[in-house]
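These notes concern the structure reproduced below.
Rule-based calculations on the coordinates, nothing more; no lab input. Bear in mind the structure is a predicted one, so any value in this text is a computation, not a measurement. Here Cβ is always computed from backbone atoms with ideal geometry, including for glycine, and neighbour counts include all displayed protein chains.
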Amino acid sequence: MVARPIVLFLEGEGTDARGRSVFDILSMNDVALERTHDFIQWLFPLPEPSAAIPDSPVLTPADIQAIRVSELAPIALAGATDRMTAFYQTTHDWLMPNDHNHRRITRIIRSLRLLVGDAEADAFHAVILARVEATRAPVSARSRGYWATA
């Protein structure tokens with residue numbers, strides 16, 4: 001069976017729809033991460049299509065299994081989690097009632113839960129909540145609810 005593009009991407013062997021490798025995306029600075037809206041679907045894929053980015057990957061059950069048993073994909077997911085954790089720790093524009101980053105956070109939690117496990121998803125969620133609480137950010141109850149159920 002030939003590996004699908006999302007599996008190859010997360011294993012560091014393929015590129016996204018714009019020709020970027022996982023390493024290219026992980027090396028983006030905070031400004032580029034904030035301004036670029038078509039990478040998060042590749043770093044943290046889900047089994048549902050993205051309403052915002054139509055050509056983003058949609059996980060199949062075979063993709064999920066391949067990513068779970070891969071030696072390399074979990075390393076890429078850990079690197080992506082570390083990079084996005086650093087992004088949310090050092091930026092502040094998302095610390096408001098509603099922001100597009102709130103959807104990204106929900107996606108990250110859901111993808112981690114699906115592809116890596118509850119511990120990693122819960123750890124990322126805890127970091128996000130700690131930042132919100134430490135800054136007393138007025139993040140909406142709706143966003144917090146999505147994160148809690150992701």
(message) Is there a quick way to get the dipole size of the chain? I mean about its Cα centre, with the Cβ of Lys and Arg at +1 and of Asp and Glu at -1; what is the value in debye to the nearest 20?
(response) 420 debye
(message) Once you order the gyration tensor axes a ≥ b ≥ c over the Cα atoms, which shape class does the chain get: rounded for a/c under 1.5, otherwise prolate or oblate by comparing a/b with b/c?
(response) prolate
(message) Only sites in a loop by DSSP and with at most 12 other Cβ atoms within 10 Å count here; which trypsin sites (Lys or Arg not before Pro) in the range 12-101 make the cut?
(response) R18
(message) Please state the shape class of the range 63-115: rounded when a/c is under 1.5, otherwise prolate if a/b exceeds b/c and oblate if not, all from the C-alpha gyration tensor.
(response) oblate
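Can you figure out the FRET efficiency of A32 with A134, using R₀ = 25 Å and their beta-carbon distance, to the nearest 0.05?
0.50
Select from the range 103-150 those trypsin sites (Lys or Arg not before Pro) which occupy a DSSP coil region and have at most 11 other Cβ atoms within 10 Å, ordered by residue number.
R136
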(request) For D82 paired with H100, estimate the spin-label separation in nm (one decimal), with each label point 7 Å from Cα along the Cα-to-Cβ line. (result) 2.7 nm
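May I ask you to compute the full-extension gain from D118 to F23, defined as 0.36 nm times their residue separation minus their alpha-carbon distance, rounded to one decimal in nm?
Stretched out fully, the D118 to F23 stretch lengthens by 31.7 nm.
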(message) Can you give me the long-range amide H partners of L46? Hydrogens built in the peptide plane at 1.01 Å from N, cutoff under 5 Å, separation of 5 or more residues or another chain.
(response) L59
(request) List, in order, the whole-Hz ³J(HN,Hα) value for each residue of the range 104-114 obtained from phi through the Karplus relation with A = 6.51, B = -1.76, C = 1.60 and θ = phi - 60°; use x for Gly and Pro. (result) 4, 4, 4, 4, 4, 4, 4, 5, 4, 4, 6
(message) Taking the Cα centroid of the range 4-81 and of the range 118-143, what is the distance between the two, rounded to the nearest whole Å?
(response) 22 Å
(request) Report, please, the projected area of the range 25-107 averaged over directions, based on the convex hull of its C-alpha atoms, in nm². (result) 5.7 nm²
